[in-house]
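To start, the structure under review is shown below, and the notes come after it.
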Amino acid sequence: MSGRPDPKAPLLDGIEALEQVLAEHPEDPVVATIVAHAHMDLAWAWRGTGWDVEVPVRNREAFAAHFDRAGDILMPFDAKDADCPLLAAAHCTLITGRGGSPREVVSRYETWMELDPKNARAFRAMGTQLLPRWHGSYDRLELEARRAAGRSYDLWGTGAYTWVMFDAIAQDSKACARLDLDFFLDGLTDILKRTHDQHTVNLLAAYCANTMGATPTGHDETDYIRIQIAAAADEIVREYLTELHPMLWAHAARGFDNGLRVRCADKFAASGQADALRYLSQLFRRELATGKSIVFTQNGPELQSG
């Protein structure tokens, strides 16, 4: 997102149509959530993802106006009363855009986690928002990651600590340097023990290999942490991977940037496929050197004679 919408884009046509739908269904929390999200998406399109000082006044005003409208739309609806995780997520997006204290931000995310405890996105998003750049501090990030692990231990083991730190340490070198590495790696193991879907396995493998295994930052403490996490990809692939999801590997190589512009989905996926195959070729180089091939089965990778 550049913060510069196409001047020829009919920006108001779509949102006006959605507002009309909302007017026809004023008490429907799902419709309200969809329209509010549309306003918040437009807000971020105006603002971009740069620092505040880099955003022109006109863009900041448009950003604020769309978030104000989203707030008005969501105000009548309580996520807990509606038992609606979608609505809870929208309230999280709202407060992170409009601003709030760390306590308020955490409270919103705790509601989302309570309503949808298996959704790792809630934990990941909270971690990002607790970085000093946004609404928190390094101490608050560590505290809330540990609290999340305690609250969700029956479901994730120590995995919630890992989920909360997941994107935060990829984006912020100081947060990475302060990481409790053993706790994080234990969390990775707990996640994999508790979920066997290949989306999660690919996500974790690609994150370790592509995101944390990327170019060194030049900060010794940060790079040490990243190297240790990157090394965890080997066991994830050997023990848990049964199929390849190229799109996840492509996103991982770009730090899971939600503002990334993908001009061609096929080429983007192909880049992820190439990254994954490059990593797998390196991981299994000794086996491949003997003339054998690696085949991924429902039981994991298996060696076959060429």
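Identify, please: which residue in the range 216-256 is in a helix (DSSP H, G or I) and among the charged types (D, E, K, R) and is, among those, surrounded by the most Cβ atoms within 10 Å (Cβ to Cβ)?
Top of the filtered list is Arg226.
Please list, ordered by first then second residue, the pairs with beta carbon atoms under 7 Å, 6 or more apart or interchain, first in the range 42-64 and in contact (Cβ under 8 Å) with a residue 24 or more places away in the chain and more than 15 Å from Thr96 (Cβ to Cβ), second buried (at least 17 other Cβ atoms within 10 Å of the Cβ) and basic (Lys, Arg).
Pairs found: Val55/Arg47; Asn59/Arg47.
Which residue, of Ala149, Ala205, is in contact (Cβ under 8 Å) with a residue 12 or more places away in the chain, under 24 Å from Ala250 (Cβ atoms), out of contact with any Pro (no Cβ under 9 Å at 6 or more places or on another chain) and surrounded by 21 or more Cβ atoms within 10 Å (Cβ to Cβ)? Before the answer, list the steps.
Values: Ala149 fails: under 24 Å from Ala250 (Cβ atoms).
Step by step, each of Ala149, Ala205 is checked, and only Ala205 is in contact (Cβ under 8 Å) with a residue 12 or more places away in the chain, under 24 Å from Ala250 (Cβ atoms), out of contact with any Pro (no Cβ under 9 Å at 6 or more places or on another chain) and surrounded by 21 or more Cβ atoms within 10 Å (Cβ to Cβ).
Yes or no: Gly14 farther than 30 Å from Pro117 by Cα and either of a type in the set (Gly, Ala, Ser) or crowded, with 19+ Cβ neighbours inside 10 Å (or both)?
Against the criterion (farther than 30 Å from Pro117 by Cα and either of a type in the set (Gly, Ala, Ser) or crowded, with 19+ Cβ neighbours inside 10 Å (or both)), Gly14 qualifies.
Might you check whether a residue that is part of a loop (DSSP other than H, G, I, E, B), modelled with pLDDT of 95 or more, touching a Pro at 6+ places or on another chain (Cβ under 9 Å) and under 29 Å from Gly99 (Cβ atoms) occurs anywhere in the range 179-195?
There is no residue in the range 179-195 that is part of a loop (DSSP other than H, G, I, E, B), modelled with pLDDT of 95 or more, touching a Pro at 6+ places or on another chain (Cβ under 9 Å) and under 29 Å from Gly99 (Cβ atoms).
Residues that are basic (Lys, Arg): which helices (runs of 4 or more DSSP H) entirely in the range 81-167 hold 3 or more of them? Lay out the reasoning, then the answer.
Numbers: elements: 85-98, 102-115, 120-129, 138-151, 153-156.
Per the criteria, 138-151.
Considering Ile34, Ile73, which residue is farther than 15 Å from Gly97 by Cβ, out of contact with any strand residue (DSSP E or B) (no Cβ under 7 Å at 6 or more places or on another chain) and assigned to a helix (DSSP H, G or I)? Steps first, please.
Numbers: Ile73 fails: farther than 15 Å from Gly97 by Cβ.
Going through Ile34, Ile73 in turn, just one is farther than 15 Å from Gly97 by Cβ, out of contact with any strand residue (DSSP E or B) (no Cβ under 7 Å at 6 or more places or on another chain) and assigned to a helix (DSSP H, G or I): Ile34.
Which of the residues spanning the range 272-291 are touching a helix residue (DSSP H, G or I) at 6+ places or on another chain (Cβ under 8 Å) and crowded, with 17+ Cβ neighbours inside 10 Å?
Gly272, Asp275, Ala276, Tyr279, Leu280, Leu283
Restricting to the range 47-63, and then to whatever is in a helix (DSSP H, G or I) and either touching a strand residue (DSSP E or B) at 6+ places or on another chain (Cβ under 9 Å) or at pLDDT 90 or above (or both), can you tell me which residue is farthest from Ile73 (Cα to Cα)?
Filtering the range 47-63 for residues that are in a helix (DSSP H, G or I) and either touching a strand residue (DSSP E or B) at 6+ places or on another chain (Cβ under 9 Å) or at pLDDT 90 or above (or both), the one farthest from Ile73 (Cα to Cα) comes out as Val57.
Out of the residues in the range 97-140 that are of a type in the set (A, V, I, L, M) and farther than 25 Å from Arg47 by Cα, which is surrounded by the fewest Cβ atoms within 10 Å (Cβ to Cβ)?
Here the answer is Leu115.
Among Gln228, Gln171, which is of a type in the set (S, T, N, Q) and at pLDDT 95 or above?
Details: Gln171 fails: at pLDDT 95 or above.
Of the residues listed, the single one that is of a type in the set (S, T, N, Q) and at pLDDT 95 or above is Gln228.
The values are calculated or read from the model by the stated rules, or taken from the named source; none is laboratory data. Here the structure is a predicted model, which means the values were calculated and not measured. With ideal geometry, Cβ positions are generated from the backbone for all residues, glycine too; neighbour counts draw on all protein chains shown.
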